[in-house]
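Taking it in order: structure first as structure tokens, then the write-up.
The values are calculated or read from the model by the stated rules, or taken from the named source; none is laboratory data. Owing to the predicted nature of the structure, the values given are computational and were not obtained by experimental measurement. In this analysis, Cβ positions are derived from the backbone assuming ideal geometry, glycine residues included, and neighbour counts consider all displayed protein chains. With ligands, DNA and RNA removed, areas are computed over all heavy atoms of the protein, side chains included. Shrake-Rupley method; radii C 1.70, N 1.55, O 1.52, S 1.80 Å.
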Amino acid sequence: MFLYVVQAIWLIPIFILCMSATSLASQPLWLWLPRRIGKPRAYVLAAAIWAAVTITWLWVGKGGGDVATLPGGQPVNTQHLLILLRAVIIGAFNGGFILLALSMMTDTVDLQRRMQGVANEGVFAGLFSATEKLAFALGPVIAGIVMSAFGFVSSTGGAAAQSESALTGIILLYSAIPATLQVIALLIFSRYRLPDA
């Protein structure tokens, strides 16, 4: 995305820094909000906003004229600023749904302990870890299939020229595909029920 579509690979470290900083800074919000509306609702809110912001990558481009200059002389255009705004929002809400997912897993372990007199922390943690590893393995497979289908030209000697179709594939991998998978995950999560008692 940063190399072929935005053509500003230098933005990656700044993007990651903005995303990480807001993820850390937002943690007090994700401790407060679930007390007000409940963990499941807070989780859905965080995941839905993350998906909504992620879908906006569909409209990313190289940007227009420069509007500012970073220390060191790097020009920044409106598109760059919108990308950094995405980093801030994605970081804040990504931090929320990750924190809440882990918190609800411990709630589930505690419920089983209270209802059945036994706690299977290892089983729950193992299932969570296995599912996470499966997702990490499927991601590159999906990316490979999409990139191949859209005609991406791989290269070992730097950036290769890409067709408009390949650029569309890259954009879809960064926007519509993860947002759709998040919506599917939310539909599955809608079955989550944990009694208060």
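A compact table of results
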{"quantity": "Breaking point among (1) within 24 Å of Ile170 (Cα to Cα); (2) touching a residue at least 40 places away in the same chain (Cβ under 8 Å); (3) open to solvent by 30 Å² or more (accessible area, probe 1.4 Å); (4) of a type outside the set (Val, Ile, Thr), for Lys39", "calculated": "(1)"}
{"quantity": "Yes/no for Thr22 being hydroxyl-bearing (Ser, Thr, Tyr) and either touching a strand residue (DSSP E or B) at 6+ places or on another chain (Cβ under 8 Å) or without any contact (Cβ under 8 Å) to a residue 24 or more places away in the chain (or both)", "calculated": "no"}
{"quantity": "Evaluation of Ala21 against (1) of a type outside the set (S, T, N, Q); (2) out of contact with any Cys (no Cβ under 6 Å at 6 or more places or on another chain); (3) under 21 Å from Pro178 (Cα atoms) (one fails), failing number", "calculated": "(3)"}
{"quantity": "Residue satisfying condition, being in contact with a Phe, Trp or Tyr (Cβ under 8 Å, 6 or more places away or on another chain) and at pLDDT 90 or above, within set Leu134, Leu138, Leu172", "calculated": "Leu172"}
{"quantity": "Single match in Ala159, Ala179, Ala185 (criterion: surrounded by 11 or more Cβ atoms within 10 Å (Cβ to Cβ), within 30 Å of Gln116 (Cβ to Cβ) and among the hydrophobic types (A, V, I, L, M, F, W, C))", "calculated": "Ala185"}
{"quantity": "Every residue from the range 56-67 that is of a type in the set (A, V, I, L, M, F, W, C) and more than 21 Å from Leu3 (Cβ to Cβ)", "calculated": "Val67"}
{"quantity": "Tally of residues being among the small types (Gly, Ala, Ser) and free of Cβ contacts under 8 Å to residues at least 40 places away in the same chain across the range 68-102", "calculated": "3"}
{"quantity": "Subset of the range 12-36 [β-branched (Val, Ile, Thr), within 16 Å of Asn94 (Cβ to Cβ) and surrounded by 13 or more Cβ atoms within 10 Å (Cβ to Cβ)]", "calculated": "Thr22"}
{"quantity": "Among (1) modelled with pLDDT of 85 or more; (2) of a type in the set (Val, Ile, Thr); (3) touching a helix residue (DSSP H, G or I) at 6+ places or on another chain (Cβ under 9 Å); (4) open to solvent by less than 80 Å² (accessible area, probe 1.4 Å), the one test that Val118 misses", "calculated": "(1)"}
{"quantity": "Identity of the residue in the range 75-113, polar (S, T, N, Q) and touching a helix residue (DSSP H, G or I) at 6+ places or on another chain (Cβ under 9 Å), that ends up farthest from Gln182 (Cα to Cα)", "calculated": "Gln112"}
